[in-house]
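The structure appears right after this line, and notes come after that.
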Amino acid sequence: MRHIAIIGSGPAGYYTAEAAQKKFGDDVRIDIIDRLPVPFGLIRFGVAPDHQSIKAVSARYEKVALSDNVRFVGNVSVGKDVSVDELQGLYDAVVLATGAPNDRQLDIPGGDLPGVIGSAAFVGWYNGHPDFADLNPPLDGRHAVVIGNGNVALDVARILSKTRAEFSGSDIVGHALDALEEAGTEEVTILGRRGPHQIAMTPKELGELGHLERATPRVDAEDLPDLGDDALLEPGMRKSVTHLREFAAIPESFRADKSVSINFDFFAAPMAIEGDGRVERIRVERTELDEQLRSFGTGETYTIDCSLVISCIGYQTPPIDGVPYEHGRGRFANVEGRILPGLYCVGWARRGPSGTIGTNRPDGYAVVELIAEDANNGAGRQGRAGLDALLDQRGVQVVKYSDWKKIEEAEIARARDGSPREKFVRIADMIAAGG
Ligand code: NAP
């Protein structure tokens with residue numbers, strides 16, 4: 001019997017479990033360990049609440065979760081309740097599928113002023129991540145600035161701009177829905193330090209901005225390269241840039257009925273965030289691109305008055321004591337998923353934060369091949385029995401998959417009533433629910 005521990009219950013974790021089941025059949029026991037009492041990681045806490053079709057992939061993970069040889073071990077923090085070293089002693093393979101939940105640091109003066117929020121916190125807040133229950137973002141101002149030209153920046157700009165009615169059918173949490181409805185937002189400016197041909201925004205997500213009820217995108221036609229240059233782009237990117245061209249062509253008369261403007265400010269690098277005890281403005285420098293398409297400052301600066309800055313400049317994997325880590329890339333040091341025989345990483349913890357949910361699937365399958373090569377065919381490791389004994393001895397309250405299902409059923413019943421979800425799952429509630 002092989003014993004595999006997977007740390008992290010997001011997409012990368014469940015694809016790895018699925019691959020291990022296919023490879024080893026009845027000859028494997030898999031524990032999926034998560035610090036939170038609920039599974040699915042990025043699907044639940046990262047994917048935007050109004051993108052339900054993307055979230056639907058969790059049904060596939062549930063099939064794996066409910067099989068006999070897979071167990072969800074929630075509310076167990078690796079590094080605190082149990083160490084990676086201890087897990088390596090108990091399991092034939094330990095797979096780190098911990099994602100990249102930490103923001104890359106916005107390293108500019110004023111980056112720590114109240115009112116500057118990282119995307120991990122803001123996205124976590126509207127998705128009900130328990131770590132961000134008390135975020136209370138300042139939404140009273142009229143202008144919010146979003147830094148970054150990736151899909152997370154788009155998610156954040158869209159969520160800030162939607163009406164309450166537009167969240168119908170989403171699973172946004174109630175407190176965020178109320179706060180966003182009361183917000184004073186009239187302008188959302190998306191700062192990109194490079195140009196329209198360098199965005200990391202995909203066409204479907206960009207196109208959504210053209211169909212919002214009260215908000216309309218604004219692109220300065222002057223920022224767009226010559227139309228002929230679009231032919232050099234790969235097709236997806238060309239589609240995205242075509243959306244930007246459509247946004248630039250929106251007539252002023254159309255804007256009259258819209259109360260929110262989503263402004264794309266290209267060639268604009270954040271320099272400093274200023275204010276007396278809280279964000280009041282952001283100082284920006286105009287940029288140009290060098291031959292390698294890197295941005296450099298031109299010396300021309302200007303300020304944008306704003307009371308909220310959300311930095312969406314990418315994520316990193318938190319290091320774990322004793323596990324080799326590549327600081328520059330914000331991920332575990334690995335060769336194609338192998339950190340060392342017996343210890344592996346998958347998904348964003350392996351590659352860094354890029355690609356779609358589905359990109360994690362081949363990672364899981366590839367790492368299982370490495371496990372098969374390395375594993376000592378179950379040389380008497382204790383696996384889950386050993387983990388249970390250790391956690392019991394340390395008084396750790398483990399949450400099982402069946403415990404979380406009770407919470408989920410309550411959430412679904414609320415949604416059926418038309419009430420928004422309250423997704424700050426508290427361990428005490430789970431235990432009270434009979435876990
Ligand atoms: P991302 O795609 O890597 O984009 C990060 C953006 O931040 C880039 O535009 C980058 O500009 C900019 N940036 C980085 N450092 C900066 C700095 N110091 N100052 C100003 N700008 C800076 O990251 P992401 O948006 O967090 O997305 C992460 C992954 O999740 C991506 O693969 C994304 O596609 C995926 N995702 C997908 C969806 C979806 O499919 N619906 C939704 C959300 C996220 P440069 O290019 O100049 O470095």
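Numbers at a glance
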| item | result |
| --- | --- |
| Helix 235-248 vs. the chain, principal-axis angle (Cα, 0 to 90°, nearest 10) | 40 |
| Accessible solvent surface per residue of the chain, calculated while the other protein chains remain in place, 1.4 angstrom probe, Å² | 44 |
| Protection proxy ranking, peptides 88-101, 171-184, 39-52, average beta carbon neighbours within 10 Å, highest first | 88-101, 39-52, 171-184 |
| Using alpha carbons only: equivalent-ellipsoid semi-axes of the range 1-127, gyration tensor based, whole Å | 31, 19, 10 |
| Potential lengthening between residue 283 and residue 384 on full extension [0.36 nm per residue; Cα-Cα distance subtracted] | 31.0 nm |
| Length released on extending from residue 56 to residue 204, taking residue separation times 0.36 nm less the Cα-Cα span | 51.6 nm |
| FRET efficiency, 1/(1 + (r/R0)^6) with R0 45 Å, evaluated for residue 178 and residue 372 via beta carbons | 0.35 |
| Stretchable slack from residue 253 to residue 340, in nm (0.36 nm times residue separation minus alpha-carbon distance) | 25.2 nm |
| Estimated FRET transfer efficiency (residue 238, residue 293; beta-carbon r; R0 22 Å; 0.05) | 0.85 |
| Candidates 373, 234, 186, ranked by Gaussian network fluctuation over the chain, Cα under 10 Å, top entry | 234 |
| Relative contact order [Cα under 8 Å, 6+ residues apart], the chain, whole percent | 24 |
| Simple spin-label estimate for residue 229 and residue 136 in nanometres, 7 Å along Cα-Cβ | 4.6 |
| Residue 214-residue 112 pseudo-label distance in nm [points 7 Å out on the Cα-to-Cβ vector] | 3.6 |
| Gyration tensor (Cα) of the chain, equivalent ellipsoid semi-axes in angstrom | 40, 25, 20 |
| Qualifying lysines (Cα of each under 26 Å from Cα of residue 204; at least 8 residues distant if same chain) | 55, 162, 239, 258 |
| Those aspartates and glutamates that a straight Cα-Cα span of less than 17 Å connects to residue 405, excepting residues fewer than 8 apart in one chain | 34, 62, 68, 171, 422, 429 |
| Accessible carbon and sulfur surface of the chain relative to its total accessible area, %, 1.4 Å | 49 |
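The values are calculated or read from the model by the stated rules, or taken from the named source; none is laboratory data. Here the structure is a predicted model, which is why all the values come from computation and not from measurement. Every residue, glycine among them, receives a Cβ derived from its backbone with ideal geometry; neighbour counts consider all protein chains shown. The area values use the complete protein model at the heavy-atom level, side chains included, leaving out ligands, DNA and RNA. Shrake-Rupley method; radii C 1.70, N 1.55, O 1.52, S 1.80 Å.
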